[in-house]
Structures are given as structure tokens and as C-alpha cells.
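Scroll down for the structure; my scribbles are underneath it.
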Amino acid sequence: MAFPYFARFQDVLAGLKREGRYRVFADILRKRGSFPTADFYGDDARRQVTVWCSNDYLGMGQHPKVLAAMHEAIDNAGAGAGGTRNISGTTHYHVELERELADLHHKEAALLFSSGYVSNDTTLATLAKLLPSAVIFSDELNHASMIEGIRHSGAAKHIFRHNDLAHLEELLRAADLPLPKIIAFESVYSMDGDFGPTAAICDLADKYGALTYLDEVHGVGLYGPRGAGVAARDGAMDRIDIIEGTLAKAFGLMGGYIAGKAEVVDCVRSFASGFIFTTSLAPAIAAGALASVRHLKQSDVERKTVYEHSALLKAMFRNAGLPVVNSPSHIVPVLVGDAALCKSVADALLRDHAIYVQPINYPTVPRGKERLRFTPSPFHTHRMIDELVQALDTVWADHHLQRAA
């Protein structure tokens with residue numbers, strides 16, 4: 001008798017639904033020129049909503065310079081890249097973008113990947129395999145892509161408590177053998193919105209002879225001179241061995257990258273299966289990202305407006321008694337603490353107030369830490385912020401949820 005395959009699949013899906021963790025994708029269509037509004041398609045009807053959870057933090061996915069560059073690239077080079085980077089997929093747009101990213105971080109070289117997830121997974125796995133008997137030290141809140149890369153590397157690993165420098169040093173001291181060591185951490189932890197202590201971790205890396213690997217996915221474009229990230233803001237950029245970033249958040253497109261010393265980048269280019277055997281980013285995407293990076297190197301307006309809007313939203317949430325996390329970054333999390341309730345609150349905001357924010361449940365955050373994660377952009381007006389706070393205040397009361405002390 002055959003195993004009941006499809007019954008098993010139905011059972012595990014039913015379990016997700018019982019827990020309130022079943023993911024429902026909102027069917028939206030962003031409206032060019034009117035970000036952050038979008039058309040929402042649901043229940044056989046279309047209506048306009050305000051998007052409050054986009055990772056296009058600066059609205060660069062709508063910027064005229066970016067769109068013009070993409071149109072020009074399509075006219076010049078067509079749609080797809082036509083192959084892997086090794087086989088016909090390296091266009092001049094890719095070469096220029098890698099040079100621009102290396103310059104952004106004051107590194108010798110950079111390398112593009114199809115996504116930030118792939119760049120983390122592939123690079124960490126490859127680096128550790130190239131370093132004999134490597135040991136990796138990983139912050140407990142590192143992104144899933146970093147965790148997978150470390151797992152795929154097969155290297156010994158030690159997990160240190162989040163941002164706990166004393167615990168990290170304890171682990172480094174215990175493993176202070178003449179072995180290669182990599183400290184992997186993030187600059188902005190996207191669920192709580194706190195910063196990694198970049199300079200202090202570099203101090204420990206120097207003391208114990210470790211390489212530093214920094215995920216700047218939620219920092220590039222938003223912090224530091226020219227948008228080079230949190231490490232640049234903290235004056236630690238030259239001490240970071242490998243910077244990993246994305247083109248899909250503040251830069252407004254898609255793709256990931258690393259930047260570092262030429263020999264490090266060349267080793268990843270030469271040995272990483274996740275790079276070698278993947279079709280290259282479309283030329284239009286590379287061209288759009290190039291325009292975005294160049295613009296944000298010159299313009300601080302978008303960054304400053306995001307800081308102002310996120311600070312205002314946090315203050316208004318606090319004044320309304322809503323349990324907003326005291327985040328120092330641009331990310332504004334509000335704790336709910338229950339998966340089913342979190343989804344219900346998000347559903348009510350969308351249904352009754354035309355506000356779209358995605359519920360964040362396990363495994364993205366631990367059970368009991370479910371939340372709504374708001375990301376104000378330069379284009380969310382003060383009126384939109386007022387409407388959001390009033391709507392969430394109403395929905396919070398309707399759900400009889402606890403207020404902040």
C-alpha cells in the first residue's frame with residue numbers, strides 16, 4: 001500500500017491554518033507615481049489600499065531615474081541576460097553595477113547574485129568550505145539565509161546571544177585555536193529594528209583573528225555616508241571583511257551582492273555553485289539598480305524623510321498606548337503576541353480601513369512574539385500616518401488587545 005502522500009500534505013497545511021500561521025499572499029498592484037498606494041484584488045473586486053509593509057524603504061522602485069534606466073536597458077539589450085554570468089550573461093550593466101557597489105563600500109570588488117538570500121547562503125557556504133576546519137560564530141537572530149549558508153557549509157558553528165558581546169567573546173576565547181574563524185552578524189535586525197554593534201564586533205575579530213561577515217541588507221541605502229550602510233555610519237567599514245547587501249530593499253529592485261577584497265570575491269565567483277549555475281539578473285534590473293545606487297550616493301533627502309516619518313509613527317503609536325517596539329532604526333514593529341490574533345488584526349486593517357500590513361508569525365519570529373511590522377517611506381504623508389494610527393487604535397480596541405503600560 002502506497003504512503004498517503006497528498007493526505008499528509010493536507011494535514012500539515014491544516015495544522016498551519018489551525019495555528020493561524022497559514023500564509024495568504026495579498027494580491028496587489030502598485031500604482032506607479034502614487035506610491036505607497038496600490039490596487040488590491042480580492043473577493044472579485046478591486047480597491048485602493050495604502051501599503052505599510054513594503055521593503056522598498058525609499059520608494060526607489062518608483063523613482064523616475066530608475067524607471068528611465070530600465071526602459072533604456074530594455075530598448076538597448078532586450079529582456080533577459082541570456083545565460084549564466086560565465087555563459088553570455090555578463091552584460092556591461094552588470095560590470096558597471098559591481099564596480100559601483102565596490103565603490104559604495106570602499107572595497108576592491110563586488111559580485112552580484114540573483115537575490116540577497118542566495119548571496120548569503122552561497123557565500124557563507126563557500127567561504128567556510130574554502131577555509132580548512134573553519135568555525136563560524138553566528139548571532140542567534142541572523143536571517144534564515146545566513147543560517148542556511150552556515151548549515152550548508154558543514155563548518156563547526158557557535159551561536160551567540162543576540163548582540164551579546166560578552167557571550168561572543170566567551171565563545172571565541174574557548175575556540176581560540178589556530179583555526180579560521182568567521183563572525184557572521186547583521187547591521188539592522190529587521191524584525192526588532194535594532195542595530196548590530198559593528199565596531200565592537202570588529203574589535204573582537206581583531207583580538208581573536210576572525211574574519212567579519214556583515215549582512216547590511218536592511219542598512220544599505222538607508223544609513224551612512226552615501227547610503228553605504230551602518231558599518232560606514234559607525235566608521236567600521238574598512239574593518240569588515242565581507243559586506244553582503246541587497247538591491248531589493250532601499251535600492252528598490254531585486255538581487256543581492258557581496259563586496260570585499262578582490263581575492264575573496266574572486267574565490268566566491270570561482271567556487272560558489274549558487275553563483276556559477278544561476279542565470280544572471282536581467283540587464284534592465286542591473287541598469288535600474290545602477291541608477292538607484294548612484295542617486296542615493298548623492299541624495300540624503302529620502303533617508304532623512306524616512307527617519308522623520310518612522311520617529312513620528314513610533315511616537316504616535318506610543319501616545320495611543322500601542323505596544324510599539326522601541327526600535328532605533330526605520331523599522332516600526334508593534335507586538336501582538338498571538339499568531340491568530342496577529343492575522344485577524346491585519347485582516348481587519350485591510351478589510352475595514354484599506355491598510356495593508358502583513359502579519360509576521362513563526363518561524364520568522366519566535367512564538368509569542370508575533371507582530372505587525374510597519375515601514376514608513378518618504379511618501380507616506382502625515383495624513384496617512386494619522387489614518388494608520390487611528391485605524392490600528394480602533395482595531396486594537398475591537399480585538400480587546402492589551403495596551404502598553
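The values are calculated or read from the model by the stated rules, or taken from the named source; none is laboratory data. What you see is a predicted model; the values in this text were computed from it and never measured. As a convention, Cβ positions derive from the backbone with ideal geometry for all residues, glycine included, and neighbour counts pool all protein chains shown. Keep in mind that these areas ignore ligands, DNA and RNA; they rest on the heavy atoms of the full protein, side chains included. Shrake-Rupley method; radii C 1.70, N 1.55, O 1.52, S 1.80 Å.
Overview of values
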{"item": "Lone qualifier among L177, L168, L104 - being surrounded by 21 or more Cβ atoms within 10 Å (Cβ to Cβ) and farther than 28 Å from P225 by Cα", "result": "L168"}
{"item": "One residue from V324, V332 being in contact with a Phe, Trp or Tyr (Cβ under 7 Å, 6 or more places away or on another chain), open to solvent by less than 30 Å² (accessible area, probe 1.4 Å) and within 16 Å of V395 (Cα to Cα)", "result": "V324"}
{"item": "Search result, residues across the stretch 41-52 that are hydrophobic (A, V, I, L, M, F, W, C) and at pLDDT 95 or above", "result": "V49, V51, W52"}
{"item": "One residue from G33, G59 being open to solvent by 50 Å² or more (accessible area, probe 1.4 Å), within 25 Å of A354 (Cα to Cα) and either at pLDDT 95 or above or out of contact with any strand residue (DSSP E or B) (no Cβ under 6 Å at 6 or more places or on another chain) (or both)", "result": "G33"}
{"item": "Contacts under 8 angstrom Cβ, first residue in the stretch 116-145 being under 21 Å from T364 (Cα atoms), partner of a type in the set (K, R) and in a helix (DSSP H, G or I), 6 or more apart", "result": "none"}
{"item": "Per-region count, the stretch 227-269, residues under 19 Å from N55 (Cα atoms) and either out of contact with any strand residue (DSSP E or B) (no Cβ under 8 Å at 6 or more places or on another chain) or in a loop (DSSP other than H, G, I, E, B) (or both)", "result": "12"}
{"item": "Verdict on A79 being among the hydrophobic types (A, V, I, L, M, F, W, C), surrounded by fewer than 14 Cβ atoms within 10 Å (Cβ to Cβ) and touching a residue at least 60 places away in the same chain (Cβ under 8 Å)", "result": "yes"}
{"item": "Enumeration of residues in the stretch 215-226 that are surrounded by fewer than 24 Cβ atoms within 10 Å (Cβ to Cβ) and either assigned to a loop (DSSP other than H, G, I, E, B) or of a type in the set (D, E, K, R) (or both)", "result": "G224, R226"}
{"item": "Residue, nearest to G321 (Cα to Cα), within the stretch 383-405, restricted to residues that are in contact with a Leu (Cβ under 9 Å, 6 or more places away or on another chain) and part of a helix (DSSP H, G or I)", "result": "D393"}
{"item": "Test: residue in the stretch 71-87 that is assigned to a loop (DSSP other than H, G, I, E, B), farther than 29 Å from A232 by Cα, polar (S, T, N, Q) and at pLDDT 95 or above", "result": "yes"}
{"item": "Residue match in the stretch 272-280 (condition: of a type in the set (A, V, I, L, M, F, W, C) and in a helix (DSSP H, G or I))", "result": "yes"}
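Conditions (1) in a loop (DSSP other than H, G, I, E, B); (2) closer than 26 Å to I385 by Cα; (3) not hydrophobic (A, V, I, L, M, F, W, C), marked per residue:
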residue	(1), (2), (3)
R8	no, no, yes
L13	no, no, no
R18	no, no, yes
S34	yes, yes, yes
A38	no, yes, no
Y41	no, yes, yes
R46	no, yes, yes
